[in-house]
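The values are calculated or read from the model by the stated rules, or taken from the named source; none is laboratory data. Predicted model only: the values in this text are computed from it and were never measured. So basically every Cβ, Gly included, is an ideal-geometry build from the backbone, and we count neighbours across all protein chains shown. The area values use the complete protein model at the heavy-atom level, side chains included, leaving out ligands, DNA and RNA. Shrake-Rupley method; radii C 1.70, N 1.55, O 1.52, S 1.80 Å.
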Protein chains: 2
Amino acid sequence: MNIGHAAKATGLSSKMIRHYEVIGLLKNATRTDAGYRQYHDNDLHVLRFIKRARSLGFPLEQIKVLLSLWQDRKRASKDVKALAQKHILELEAKIRELSEMRDVLEGLSQDCAGDQRPDCPILSKLADPLHPHCSLDPAQNGQHVRHQK
Amino acid sequence: MNIGHAAKATGLSSKMIRHYEVIGLLKNATRTDAGYRQYHDNDLHVLRFIKRARSLGFPLEQIKVLLSLWQDRKRASKDVKALAQKHILELEAKIRELSEMRDVLEGLSQDCAGDQRPDCPILSKLADPLHPHCSLDPAQNGQHVRHQK
DNA sequence: TTCCACCTTCCCATGGTGGCAACGTCAAGC
DNA sequence: GCTTGACGTTGCCACCATGGGAAGGTGGAA
């Protein structure tokens, strides 16, 4: 089975599979005489394992650990669970961070008329959260324009 | 005011300020004879605007637009609000994505005894979500080990 | 034989930031 | 004046996971 076939069978891209091999997540695939990577059904299990772990947000480095635990018949489920819990905490931290952004922005957005007038509390708060009534750039000198050297 | 001072006054790093100039988010700073960038109080307002927009998760490209709206006295608040709403949708999409990851992982984690035994539904589900009782790598051939060329 | 789909390696880009190297500048203390 | 140390400059590389594309080789079918 060529790499493209393995890719379709697992939902990964050929690019990803090669990359995983390069970074040591997969053992080096056997090659045909022409240098084509060859995959077998057993390999698909590993690829799908990676695919699912990625879909849960695990970074490749942690997946490397998960794979080694998977293969270790003498592993303690405690170790796997600890890894999962750690990742859950990271996910929750990110969720809280994004939620706070959303809440603040939602608050600003609700105060904005959203009409043709220029007055906008969103810009005002970004400009100066303490004096949200002034929404004009005090510089007014083209700060966002890139000048040539 | 040198760049380090402007950085401390705004909570950005000198690196970021230089980077924002390079990508055209800031106009080219005036320089001393020695080539040092010089900043004035007006510049701090712009830098703080960027800092706050970043803290709401806006990417630099969108901040470029926000800055141009900020300076445009004839802007319609509708345009600003539309940008904010779009970003809110992106934040919510990301939050949903991460939340689903967390929920799935939380479910798996709760089924895991977390003791010294090797049986682990987390690994089993990653290995094969349809037959979660088999948690051993069917390959068992060192897939995660990087072999030298 | 020709053609097309597929494979290979290698390099570059993303986004936003940090780190480091190599070098120039400024001000204070001696 | 000289040294020292803090600060400035540019430039390159790294992160993370992935995609894109170039340039060239392979395989199989018509």
Surface/4 of the Cα convex hull for chain A, nm²: 17.3
Using θ = phi - 60° and Karplus 6.51 cos²θ - 1.76 cosθ + 1.60, couplings along region B:7-12 (whole Hz; Gly, Pro as x): 5, 4, 6, 10, x, 8
Rounded to whole Hz, the Karplus (6.51, -1.76, 1.60) HN-Hα couplings of region B:76-92, x for glycine and proline: 9, 4, 3, 5, 5, 4, 4, 5, 5, 4, 4, 5, 4, 4, 5, 4, 5
Centre separation in Å (Cα based) which lies between region A:54-132 and region A:23-39: 36
Position B:ASN42, label points 7 Å along Cα→Cβ, spacing to each other copy in nm (shortest first, one decimal): 7.1
Area of B:MET1 that stays accessible when all protein chains are in place (1.4 Å probe, Å², to 10): 50
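Quick one: accessible area per residue over region A:1-57, 1.4 Å probe, rounded to a whole number of Å²?
Computed with neighbouring chains in place, this is 52 Å² per residue.
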Pseudo-label separations to other copies for B:GLU90 - Cα-to-Cβ vector, 7 Å, nm: 2.3
Ratio of the Cα radius of gyration of region B:1-75 to 2.2 N^0.38 Å, where N counts its residues: 1.09
Chain A: relative contact order in percent, alpha carbon pairs under 8 Å with at least 6 residues between: 12
Summed buried accessible surface, chains B and A, 1.4 Å probe, nearest 100 Å²: 7300
For B:LEU130, label point 7 Å along C-beta direction: distances to other copies, nm: 6.4
P(r) tail fraction, the protein assembly as shown - alpha-carbon pairs more than 25 Å apart, %: 62
Contact order relative to length of region B:79-137, as percent, for alpha carbon pairs under 8 angstrom and 6 or more apart: 18
Farthest toward positive dipole pole in the protein assembly as shown [+1 Lys/Arg, -1 Asp/Glu at C-beta], among B:GLY107, B:ALA127, A:THR10: A:THR10
Over region B:79-137, volume per residue of the alpha carbon convex hull, in Å³: 95
Accessible area (Å², 1.4 Å probe, nearest 10) - B:ASP72: 60
